[in-house]
Each structure stands twice: as C-alpha cells, then as structure tokens.
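A short worksheet on the structure shown next.
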Amino acid sequence: MIHKNRMRKFLFFIAFILFGITVNAQISKMFFVSGGISLLSDVVITPGKIDSKTGYDLDYQHIQLNYTTLLLSGRMNIANLGESSTLSLNVVPAISIGMAYKVFDGGSWYSFGANVPAFVEYNFGTASRYQAKNDYGFVLGAGYEYNIYPIVAYPVSQTELTTKEYQKIWRQPVFEFGFRHYNKKNRVKEVNFKVGYGDKGKEFTNFDGNTKNEKQAMSFRLSFLRILNY
C-alpha cells in the first residue's frame, strides 16, 4: 500500500512537471524581447506653460537632442489573427543622454532623461509569431508615452534655474512604424520610427511685450533593435 502511494505521488509529480513545462512553452511563445539603440536621432520637445494670472511667468521649455538612447522592448501577443499576423501589447522603456537647448532663456544643459511608451500593435510577417515563415515583416502601433526630462542635468550656460525647476514630466499620445528583416546571421532586426504629440503650443507675450509662439510638446525617434529570443 505504501509502495502504491509513493508511486502515485511520483506519477503526480511527473505529471505536474510536464504540465508546467507545457504551460511555460505555450506562454513563452507569446513573449518577444528586443534590445536596441538610437544615435543622434531622438528628439524631445518638452511642454511649456504660462502663468495665466500674469501672462509673463514662463514655465521653461526645452528641446533635447539625445546623443544616445538605449531601449528594451517587451512585447506580448494577445490575439492571433492568422499564421503571420497578431495583435500585441508592447512596452519600450528607454533612457537617454544628450543636450537640452534653451527656449525662453532656460539655458543649455547636458541631461539624462527617460520615456516609457506603451503600444497596442498590429504585427505582420517575420517575428509576428514564432511559427511565422516570412522573410520580412512590419509593425504598426498606437499608444501613450510617459516622459521625464531631465532626471539629472548639468548647466553649461548661465542660468538661475535648478534641475528641479527645469524638469518636465508629461504624457502624450504616441505612434510607431517598424520594419523587420533577417540579417546575414539569420537574426531578426527592426528599424523603428516613433512619434509622439503633446499639447499644442500657445501664444504668449514676453517681457519685451512681443508676441511669441510656444513650441508644441512632441518627440520623435529612429531606433534600431534586435529581437533577442527569436
């Protein structure tokens, strides 16, 4: 009797392990991880605000040219639309280092910042699914982006602002288009273009009494990624 109980426990244990392996294999086929970089092609324009009480107090806006941006993409397929097409959710945290240029006399700064766009995507072709056999593919996505610039900054021109006063945190709609292909080493690469649009700029009167136009908050980035687990 004891022998039979041990055998049952052993068989149950084996069945549990096989079930776990099967579930893990099925779940793992839903996830794709990519890493990438953007060089001198990542631009961020922060939102600016005007104190409506006086019309003169400006919330400093800046244009940031990122020299280098590092990206990590985590995509999960949520619906299969065919052998080579899917709907997915994708989150792409990125960190950047570059130069922020003055707008409204805010000075120029070396700065480090970050953004996290989240997309709902349509994938077709290569890497849309693990069993896709296409030689190339593409992705279209729309979503929302969280930005914080700068996190750390160092002024390189005369300014009385602190990093905290210069810092902006905002959210904006974002869109992407990416093209995927195999390289010579049979790895899947992706060229991705992202653009985000924030609040529209406004007219304001500066200290000299002249009417100026605020720049619209936005971002755009050309990046190059490689799918790491495909």
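Just so it is clear, none of the values below were taken in a lab; they were calculated from the coordinates. As the structure is a computational prediction, the values presented were derived from the model and not from experiment. Neighbour counts run over all protein chains shown; Cβ positions are idealised from the backbone, glycine included.
Brief remarks follow.
- Near Phe224: Cβ cut-off under 14 Å, other residues only, Lys/Arg at +1 and Asp/Glu at -1. The net charge is +3.
- Scalar couplings 3J(HN,Hα) for segment 145-155, obtained by applying the Karplus form with A = 6.51, B = -1.76, C = 1.60 to θ = phi - 60°, are 10, 9, 10, 9, 9, x, 8, 10, 8, 9, x Hz; x denotes Gly and Pro.
- FRET efficiency for Phe112 and Tyr144, using Cβ-Cβ distance with R0 set to 25 Å, rounded to 0.05: 0.65
- 3J(HN,Hα) from dihedral phi, segment 75-92, Karplus parametrisation 6.51/-1.76/1.60, rounded to Hz, x for glycine, proline: 10, 10, 6, 10, 7, 8, 9, x, 5, 9, 8, 8, 9, 9, 10, 9, 10, 10
- Filter on Lys102/Lys194; Lys164/Lys215; Lys102/Lys189; Lys168/Lys194 - keep pairs with C-alpha separation over 28 Å: Lys102/Lys189
- Fully extended contour minus Cα-Cα distance, from Tyr230 to Glu160, at 0.36 nm per residue: 20.2 nm
- Value of relative contact order over segment 32-227, rounded to a whole percent, pairs C-alpha under 8 Å and six or more apart: 22 percent
- Cα centroid of segment 75-140 to Cα centroid of segment 143-203, whole Å: 11 Å
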